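First the structure, in the form of structure tokens, and then the observations on it.
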Amino acid sequence: MTIIAVDIAKEMSVAPIEFPPGETDDKNRWIVWFLAVVNGERIKCGMSYQTLRDHFEADFYEPLPAFVAHRQRIEQFTAQFIRQGRFGPDGRILIRSHDMSNRS
């Protein structure tokens, strides 16, 4: 992890994290995307259809109702990822099923 990434993760560990309403169903990548905002910085976050199916009882082909129903829990888990600096190489947070299985 570079010095810059460590600084960003440290800053985000204490900053409030907001999740504006709205989500996008990406049927090409099988991901539901949503935004987080930290210190005015927008972070694209996503949860795979498989995660929604395995952990939130979503219909695999229509995951949005489960995402909306469980959004508060999903946001809490996403906030943990942000605070831990678990960003992908593209700067996004993408939560997959094994991430939920390995949580403490």
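The residues packed around PRO63, meaning those with a beta-carbon under 13 Å from its beta-carbon, carry a net charge of -3 if Lys and Arg are +1 and Asp and Glu are -1.
Report the relative contact order of segment 43-104, percent, no decimals, based on alpha-carbon pairs under 8 angstrom and at least 6 residues apart. Before the final figure, lay out the partial values.
Numbers: 65 pairs, mean separation 28.4, N = 62.
That works out to 46 percent.
When you filter the chymotrypsin sites (Phe, Trp or Tyr not before Pro) in segment 39-104 for DSSP loop state and at most 12 other Cβ atoms inside 10 Å of their Cβ, you are left with PHE60, TYR61.
Structural size metrics of segment 3-98, computed from C-alpha coordinates, are Rg and Dmax of 13.2, 41 Å.
Read-outs throughout are calculated quantities, based only on the coordinates presented, and are distinct from any laboratory measurement. Owing to the predicted nature of the structure, the values given are computational and were not obtained by experimental measurement. So basically every Cβ, Gly included, is an ideal-geometry build from the backbone, and we count neighbours across all protein chains shown.
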